[in-house]
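Throughout, read-outs are computed from the coordinates displayed, never taken from laboratory work. In this text the structure is predicted, and so the values were computed from the model without any measurement. Glycine also receives a Cβ, built like all others from the backbone with ideal geometry; neighbour counts cover every protein chain displayed.
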Amino acid sequence: MPVMFATSEEAELAFYDALERADLVRLMQVWSDDEEIICVHPGGLRMVGLHAVKESWQEILAQGALHIRPAKLVTTQSMMSTVHSLIEQITVRSQTGTEVAHCYATNVYHKGPTGWRMVMHHASAAPEQTGLLDSHEAPGLLH
């Protein structure tokens, strides 16, 4: 029986929780089982389809849990789809200490018979000043 996500926010919480636990089964429960799903990891190739997406996450999670804190969520929502644009704060612990990196991420969710499911995750490296200089936070900025 599939897990039901009543809202896109609930699905997103499950997504980041699964990454924190390196839980591939839980992570894939968030994704739609549609063959048109898309995932792009920072600096990586575009993965299309359930098998390719699962394989990419399996490879990443084999290295261990990901410590990602989602922040500064901006949401665009309609009845059957939601787009989340956010900043991922990624903490990497190594022998030389702890480093923090940031990514911009776009997560797209569609509502179907089994609730809300992720159909796209696209993350890319963000500049060090992430969050400080987002254009919607700089009043009077003209393009």
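For Rg and Dmax of the Cα atoms in Å, one of [x] 15.7, 51; [y] 14.4, 39; [z] 17.9, 63 was computed from the structure I shared and the rest are decoys. Which label?
[x]
I need to check one value: relative contact order of the chain, counting alpha carbon pairs closer than 8 Å and at least 6 residues apart, in percent.
Taking the mean separation of contacting Cα pairs over the length of the chain, I get 24 percent.
Taking the range 1-59, which trypsin sites (Lys or Arg not before Pro) meet the DSSP loop condition and have no more than 10 other C-beta atoms within 10 Å?
Passing both the DSSP loop test and the Cβ count: no residue.
Give, as a single signed number, the net charge of other residues whose beta carbon lies under 15 Å from the beta carbon of Leu66, with Lys and Arg counted +1 and Asp and Glu -1.
So the surrounding residues net to -3.
Which whole-number percent gives the relative contact order of the range 1-61, counting Cα pairs below 8 Å spaced six or more residues apart?
In percent, rounded to a whole number, it is 26.
Would you kindly derive the ³J(HN,Hα) couplings of the range 8-17 from the backbone phi angles with the Karplus curve 6.51 cos²θ - 1.76 cosθ + 1.60 (θ = phi - 60°), listing them in order in whole Hz, with x for Gly and Pro?
Per residue, the Karplus-derived 3J(HN,Hα) values read 5, 5, 5, 5, 5, 4, 5, 4, 6, 5 Hz.
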